[in-house]
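The values are calculated or read from the model by the stated rules, or taken from the named source; none is laboratory data. These figures come from a predicted structure and were not determined experimentally. Every residue, glycine among them, receives a Cβ derived from its backbone with ideal geometry; neighbour counts consider all protein chains shown.
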């Protein structure tokens, strides 16, 4: 069992990242938000989960043990496989997932590509009470509850209007919110921070 990997990023294709560790290249699939933060040549540490099937072995990587725990929790929900669990983590921060479950906001999960109404409700029902076993940062919770959904949606749509895909725009806004450390933020500040994180559109377009 591979529990974690520390290595150099040698290739990034969408959410698939190749990490070179002691001369060996490991193909690791990471959440979209994580892939956007990585760059070729940098050293990264990911906590991993190996999913073994009859005809395929896949390695999924996460920037924190919290995300790794959430990945396992999401996969325990009926109808949620590794790819869907990864999509949820690529679209929502751990704090946002926690708050959506606690407030029974299944609409937050329906916003994730591939998650239907029935599955979204199952995620909320199945994860109720499970967060006692997950270490969750206070900062992510405060940030998620302090930023209105309308503001996040507005900035996301502004990025889409500038040419970003909705997936990349959503990830950029999430990263900008993390950078704000939960402090007060308005739409213009959030948009400016998201653009700064995403960088030139042409350099990230292939990841959309």
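Any residue at all in the range 170-184 that's part of a helix (DSSP H, G or I), out of contact with any helix residue (DSSP H, G or I) (no Cβ under 7 Å at 6 or more places or on another chain) and either farther than 20 Å from residue 32 by Cα or modelled with pLDDT of 85 or more (or both)?
Taking every residue of the range 170-184 in turn, none turns out to be part of a helix (DSSP H, G or I), out of contact with any helix residue (DSSP H, G or I) (no Cβ under 7 Å at 6 or more places or on another chain) and either farther than 20 Å from residue 32 by Cα or modelled with pLDDT of 85 or more (or both).
Keeping to the range 15-35, report how many residues are touching a strand residue (DSSP E or B) at 6+ places or on another chain (Cβ under 9 Å) and within 21 Å of residue 167 (Cα to Cα).
Counting residues in the range 15-35 that are touching a strand residue (DSSP E or B) at 6+ places or on another chain (Cβ under 9 Å) and within 21 Å of residue 167 (Cα to Cα) gives 9.
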